[in-house]
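What follows is calculated from the coordinates using simple rules that are stated; it is not laboratory data. Worth saying up front: this structure is predicted, and the values here are computed from it rather than measured. Note that each Cβ is placed from the backbone with ideal geometry, even for glycine, and that neighbours are counted across all protein chains shown.
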Amino acid sequence: MAGIPSRHKSVVLLAGVIILQVVLLAVQIKRDSQGRLLRVWTVGAFSPFERAGAKGIGNIRGTWSHYFALQNTSRENEQLRRENDELKMKVNQLQSKAVEADRLSALLNFRQAQRNVPMLAARVIGTSADTASQTVYLDRGERDGIRRNMGVITPDGVVGKVIESYRDTAQVLLLTDKDSGVGAMLADSRIQSPVGGTGEPLLSMKYIPTDDTVNVGEHVVTSGMDRIFPRDLPVGVVTEIKTGRPFQHVRVRPAANLQRLEEVIVLLTLHPLEQKKETPAPAVPTAETPGKSVGGTAAVNP
Amino acid sequence: MMNDAFDLRLAETHIEVHKFRSGAIVAATVLSLMLQAFVPVYFPKFAVLDLPLLVTIYFGLSRRNPSTGLLLGMVIGLLQDSLSGPTVPLGLYGIAKTIIGYLASSIGARLDTEHPAARFALTMMFFVVHQGCIAVTRRLLLAEPEPWFTLRLAIAAAVNAVVAVVLFMLLDRLRKS
């Protein structure tokens, strides 16, 4: 009160006394529905400031979190990106496992369809050290009954043959190798001709006479004449035809994905496979039902 | 402006500030409260009077000190509240009489309030203001229904004003000569 002019002291005192009594009123009064009046007044007096404060704080927080607190956002972004990568990896792994399961299922189906042929599933564990030869190594060898010249296939088609068998591993010459070949025939016309590798992804069907009709897209299957593979196993699909004398140049894309082999089936027999007459194609997912065989010879390189 | 202010100060210096015998204010206050509290029990019509208000007005007009007047009004009002029962919260009459005490002291410092007509008029005015303060407090602060002014209140204002003229003459006897 010392700094207040004397003529205003009474006004200040009046205000103070009235305020005190108003507070006194507030302490006593209790509204039925809203509790003590002091609380009602206090809430009523403070709520606008609280609302304004909350709005202001919300704006500040929003501004801070959206514009200034980017360090945490960046960190969270990195973490989420890592988690996303991990999830992608897991998804890929699961997809890979699903594909593997399908592949093994197809192998099982093929195995069941060829009950009379002893088979052994093997996993590809390595490839050739040089690019000139198309070979792979299996995780099975002599101890598992694998010998030289045994046929190797997948449910999709012919892979090649075993060229070397070791105690625990075996080396397989792929169909695409220059020295490889298999007795084959056109699935529709039943024209027989050996199919051999060229060192490239595509195979070559070498002895199709110029007068015979060959269509692009026609399927090529094993003829069984090489005594290694049973008849009507898929070999590939005709993709390119060039006229020539006396034979056409027919290019075949292998039915089996020789670039990405993971599991294969080794035909555990060296006895000549019996020729089935007028038998339908095996229950291989990609195999198509062939027509009648017209016979022929197979040229298989040793 | 300078001349007006000078004249006003001169005028204020001519207004006498009355002093009372020791204990007169306290005794008058207590007596008014007691009468206000107990007489209506036997004479219900007596309730139309507001003796504590009249005492506040009188001492405010006589002392002519706003601070003293508002404090006296506050004390009288709070005591009246305390004696009024649970329906009247502490502060209801306290606020009203604080304002009346302040106004009476302020007006008493500028006007001659010794004349009975002035006392009558001022008392009526203060009664209305007092009722207005109570109505405002009840309506706005307590959210209770309270008429701003009625015929009964007008009659009460007139009765209190008449009584005030007589009472103030009696209280004048308590002044120091």
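Data overview
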{"quantity": "Chain B, helix-only ellipticity at 222 nm - DSSP H runs n ≥ 4, -39,500 (n - 2.57), divided by all residues, nearest 500", "calculated": "-23000 deg cm²/dmol"}
{"quantity": "Long-range amide H partners of A:A121 with built H, under 5 Å", "calculated": "A:V266"}
{"quantity": "Phi to ³J(HN,Hα) by Karplus 6.51 cos²θ - 1.76 cosθ + 1.60 over the range A:72-84, Hz, x for Gly, Pro", "calculated": "5, 4, 5, 5, 4, 4, 5, 4, 5, 5, 4, 4, 4"}
{"quantity": "Bins of 5 Å, starting at 0 and running to the largest distance - Cα pair percent for the range A:114-267", "calculated": "2, 10, 21, 22, 19, 13, 7, 4, 2, 0"}
{"quantity": "B:L170, B:L83, B:L61 arranged by Cβ crowding within 10 Å, fewest neighbours leading", "calculated": "B:L170, B:L83, B:L61"}
{"quantity": "Burial ordering of B:T137, B:T150, fewest other beta-carbon atoms within 10 Å first", "calculated": "B:T150, B:T137"}
{"quantity": "Degrees, to the nearest 10: B:51-63 long Cα axis against longest axis of chain B", "calculated": "10 degrees"}
{"quantity": "Loop-resident sites, the range B:110-177, for trypsin sites (Lys or Arg not before Pro), counting at most 14 other Cβ within 10 Å (DSSP)", "calculated": "B:R110, B:K176"}
{"quantity": "Selection from B:S32, B:G91, B:L122 lying farthest towards where the dipole of chain B points positive, charges on Cβ", "calculated": "B:S32"}
